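Below is one structure, written out as structure tokens; comments come after it.
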């Protein structure tokens, strides 16, 4: 298999076709997807991504290692899919912040993800050019991932609040430059009222989704370059991890808060890949102040080792999260039907019961001590 311009164009057309299909078959008519619909399409996109990996496994070989690129793709896809789950936490924050009705959320997610993929492609090509020209860029990528991993874990320990998307500079500029309607106008992104053009809150949320996903790409793209140096594999792992992310959002809705140890797992994965990048940079060293500009003989982590570590950490994080969640529910937790926030309806119900109990007590016959 030769990766040339035709290969890139065919791949791009297939991915674009999936986004167009998604829009016209699911998103065009506003609705809240059912669990069955979300699960079915999530499985489909994962299966397609794995089938593509099998295609690379058998058709793109290197002398002495016929399945290397297929293995790199699989490792990269698992990594990207895990990191994309972290995106869902932020997506949920944005949806809640802008109070987007659930039946309109699909449109925001799909268009926002499609736009972010275009920006990711730009980052991937720039990254490939930089790595081709200067091997020391691996040092920068590695140190950046180590910093990101440490910050992710520290923020989780401190329980740092997420950034409010309304505070983003571009969002504030949009609101100042272009009028924004006070309410949603069906699923329209913009409207014309009394001859004046105005954006809707749906458009603002879409921009926030796209920008936040681009920010996540600053972590994920260097992470994949720690697994492979092939831009085609970096792009396809990004693209196929984003395909189906909309369906996964609705599938995992309500379960995200239970994955309490996932951020620690992602931090471990990013830190691991950061170390892998630094080791590779030392192996290819050209910096004069490091070992006199000569390569440093250090052990490099194999792709198989990377895959086993990433899958193992993810499995451990999920299992530990499930155990902790069940333990928390068992220790001092209220019965399932009461295991929720205490709201005004509960207060009214308690007051009604207390009133009924008071009537029973007041009407109780008094015993005669002389009897």
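The values are calculated or read from the model by the stated rules, or taken from the named source; none is laboratory data. Predicted, not measured: the structure shown is a model, and the values here were computed from it. Every residue, glycine as well, gets a Cβ built from its backbone with ideal geometry; the counts of neighbours run over all protein chains shown.
Odds and ends about this structure:
- Taken over region 4-50, the residue count meeting the criterion of being buried (at least 16 other Cβ atoms within 10 Å of the Cβ) and not in a helix (DSSP H, G or I) is 1.
- For region 246-296, the tally of residues that are surrounded by fewer than 15 Cβ atoms within 10 Å (Cβ to Cβ) and in a helix (DSSP H, G or I) stands at 4.
- Condition check for residue 80: in contact (Cβ under 8 Å) with a residue 40 or more places away in the chain and either exposed (fewer than 15 other Cβ atoms within 10 Å of the Cβ) or within 22 Å of residue 224 (Cβ to Cβ) (or both): yes
- Lone qualifier among 211, 206, 199 - being touching a residue at least 24 places away in the same chain (Cβ under 8 Å), touching a strand residue (DSSP E or B) at 6+ places or on another chain (Cβ under 6 Å), buried (at least 17 other Cβ atoms within 10 Å of the Cβ) and more than 30 Å from residue 319 (Cα to Cα): 199
- For region 300-316, the set of residues classified as within 20 Å of residue 146 (Cα to Cα) and touching a helix residue (DSSP H, G or I) at 6+ places or on another chain (Cβ under 7 Å) consists of 300, 301, 303, 306, 307, 309, 310, 311, 313, 314, listed by residue number.
- For the residues 111, 170, 150, 154, the requirement of being surrounded by 14 or more Cβ atoms within 10 Å (Cβ to Cβ), out of contact with any helix residue (DSSP H, G or I) (no Cβ under 6 Å at 6 or more places or on another chain) and either in a helix (DSSP H, G or I) or at pLDDT below 80 (or both) singles out 150.
- All positions within region 292-310 that are over 15 Å from residue 65 (Cβ atoms) and without any contact (Cβ under 8 Å) to a residue 24 or more places away in the chain: 292, 293, 294, 295, 296, 297, 298, 299, 308
- Close pairs (6 angstrom Cβ cut-off, 6 or more residues apart or separate chains): closer than 15 Å to residue 239 by Cβ in region 42-65, not in a helix (DSSP H, G or I) anywhere: 45/243; 45/244
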